[in-house]
Amino acid sequence: MIYAPSLPRLGVFAAWRDAARALASNNVSPDQIQWRMEGAECGLFGSGAALPAAQPMTMPKDFLPLAKLVCASRATGAHDLLYRVLLRCRGNAGLLGNRADAEVQQLEALAKNIRRDMHKMKAFVRFREVTPQGANRRQFLSWFEPDHCIEELIAGFFTRRFADMDWVIVTPEVTTRFEGGTLTHEALRSDRLDLRDEIENLWRTYYANIFNPARLKIKAMQLEMPKKYWKNLPEADLIPGLIAQAEARVHQMQQDAPTLPPMRAERILDRLPARAKAENIHDCARCPIGAQATQAVPGDGPHDARLMIVGEQPGDREDLSGKPFVGPAGQVLDSALSEAGLDRSAAYTTSAVKHFKFQPRGKRRIHQSPNRSEISACRIWLTQEIATIQPALIVALGSAAAEALTGNGAQIMVRRGKIETSLEGLPVLISVHPSAILRSSDSANLRGMMLDDLKQARIMIDALENGTQATQAALS
Ligand code: URA
């Protein structure tokens, strides 16, 4: 007798498990079974005999997670192999631990391909914003072409990462929706979506910035980001041009390098470390502000932070405590960071100017904005912080931070939400300062802008953490 259990595109693992239980518990031999994906043509035996009723049977605990992965495989014979191993596990509890077993090795290889496909999906899904006017949750859409049937396996990752927004991921066979906190999958054939938007430009600017022509590793890049993913990655169409220009750019970089006479260069280099050692931020007198302030307020946060947040200067509370962003502006920032899903304790927070500049008025100290020469005098400390932290992304809050980081003092409102480049070549996302939100008569609007910018930052940091480092490593 031949059985031909049908496996649906969605719920494939549960369907395989139930059929395998019915068949294995009745000692049906693998040779009597033809596993069939739903929609695929029936074989010689049509839809086969009705499955026998399942008898009580337990599947080994370590078998189930492996089976869940392998069930998603499109490889020919994957479901059959799984069944054969299930039967063998019954008389051999330690079978899966036997790495020398040929069938166990084949199963592990199939599972590895699924894990790799999932890793690529985490790294290369690019959400495009499609929020209609007036919607109270932001909405994002993405297109991805996985090699295997992984949509259900991977959905939990995206619901956790992007819990506060609505999103749809469309693949050629399944549409996954996360709307108002509810996840659904629908087996639906779709053609490729061609999506273009602002975030796409962010990615493009970002990759153009982190590309270092002097460290081009084409093989590593193609291994981590195989060409088949390129057509859906906004940054990918830059790559051929960047590669083509790499040699000329390296040559240009060599030409542009300072051509100091060797003796003079050596003397300067000799002096530099000594000067850096001699100078301490707490004794800094590079501008007059420090003389009036209680103390310098350097940045705060882990030295391996991926995100650096730069404000303007310490306020009254920061001046007294010696820590950045602990006063009212800090509270506005904290609440926006947590609403955007960013963990402040994982970020490095600092200011463009390290001393509090103020005007005494009675017992009060009234904030004064730092001027251009003060910002520039203080840049040395920010430069040191950037060199130590080497963040993947810097968020500049307000015009002083934007000017200190990029050298450009132009109006913030036309620049916010966009990525610019810091003087050291790092990507800088421009946003508004939390104090501006506190002072503004239109604070809700300004806060909304900051929130959007921080969410943008989170999407970029998330993508970097989830494997886009692969791209970065290959490009940098
Ligand atoms: N504003 C800043 O820019 N930095 C602080 O630390 C506090 C307020």
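The values are calculated or read from the model by the stated rules, or taken from the named source; none is laboratory data. In this text the structure is predicted, and so the values were computed from the model without any measurement. As a convention, Cβ positions derive from the backbone with ideal geometry for all residues, glycine included, and neighbour counts pool all protein chains shown. Ligands, DNA and RNA are excluded from the accessible area calculation, which covers all protein heavy atoms including side chains. Shrake-Rupley method; radii C 1.70, N 1.55, O 1.52, S 1.80 Å.
Sequentially through the range 314-323, phi angles give Karplus couplings (6.51, -1.76, 1.60; θ = phi - 60°) of x, x, 3, 5, 5, 4, 7, 8, x, 10 Hz, Gly and Pro residues having no value and appearing as x.
The mean sequence distance of close C-alpha pairs (under 8 Å, at least 6 residues apart), as a share of the length of the range 266-475, puts its relative contact order at 21 percent.
What the phi angles of the range 8-20 give under the Karplus curve with 6.51, -1.76 and 1.60, with θ = phi - 60°, is a coupling list of x, 5, 10, x, 5, 5, 4, 5, 5, 4, 5, 5, 5 Hz, glycine and proline written as x.
When Lys and Arg each count +1 and Asp and Glu each count -1, what net charge do the other residues less than 14 Å away from Glu374, Cβ to Cβ, add up to?
Net local charge, Glu374 excluded: +3.
Extension gain, Arg116-Arg361: 0.36 nm per intervening residue step, less the Cα-Cα distance, totals 81.9 nm. Distances between placed amide hydrogens fall under 5 Å for Met37 paired with Leu7, all partners being 5 or more residues away or on another chain. Each Cα pair under 8 Å and six or more residues apart adds its sequence gap; the mean of these over the residue count of the range 365-429 is a relative contact order of 29 percent.
Each Lys or Arg adds one and each Asp or Glu takes one away; over the other residues whose Cβ falls under 14 Å from the Cβ of Arg189, this sums to -4.
Extension gain for Ala54 to Asn92 (0.36 nm times residue separation, less C-alpha to C-alpha distance): 11.6 nm. Extending 7 Å from Cα along the Cβ direction at Ala100 and again at Val250 yields two label points whose distance is 4.8 nm. Ligands, DNA and RNA aside, Arg128 has an accessible area near 20 Å² when probed at 1.4 Å.
In this simple spin-label model, placing a label point 7 Å from the Cα along the Cα-to-Cβ direction at both Thr383 and Thr159 gives a separation of 5.1 nm. Which FRET efficiency value, to the nearest 0.05, is calculated for Asn280 and Arg177 with the Förster distance at 60 angstrom and r the Cβ-Cβ distance? Efficiency at R0 = 60 Å is approximately 0.60.
Once backbone amide H atoms are built at 1.01 Å from N, Phe140 has Val130, Asp166, Trp167, Val168 as its partners under 5 Å, excluding neighbours fewer than 5 places away on the same chain. Separation of the alpha carbons by more than 20 angstrom is noted, of Lys122/Lys227; Lys418/Lys455; Lys357/Lys418; Lys227/Lys418; Lys68/Lys112; Lys68/Lys228, for Lys357/Lys418; Lys227/Lys418; Lys68/Lys228. Each label was represented as a point 7 Å from its Cα along the Cα-to-Cβ direction; for Ala135 and Ser25 these points are 4.5 nm apart.
I need the calculated FRET efficiency for the pair Asp147 and Ser440, taking r as the beta carbon distance and R₀ as 51 Å, to the nearest 0.05.
The formula returns an efficiency of 0.55 here.
Can you compute the label reach from Lys61? Point 7 Å from Cα along the Cβ direction, backbone N cut-off under 20 Å, restricted to the range 91-130. What the label zone holds, given the 20 Å backbone N cut-off, is 91-99. If you take the Cα centroid of the range 296-337 and the Cα centroid of the range 372-392, the two points sit 15 Å apart. Taking amide H as placed 1.01 Å from N in the peptide plane, Tyr3 has its amide H under 5 Å from the amide H of Ile33, Gln34, Ala49, each at least 5 places away in sequence or on another chain. The phi-based Karplus calculation (6.51 cos²θ - 1.76 cosθ + 1.60; θ = phi - 60°) puts the 3J(HN,Hα) values of the range 301-311 at x, x, 6, 9, 4, 7, 10, 10, 10, 10, x Hz, whole numbers, x for Gly and Pro. So if R0 is 35 Å, what FRET efficiency would Ile2 and Thr184 give, r being the distance between their Cβ atoms, rounded to the nearest 0.05? That pair, Ile2 with Thr184, gives E of 0.50.
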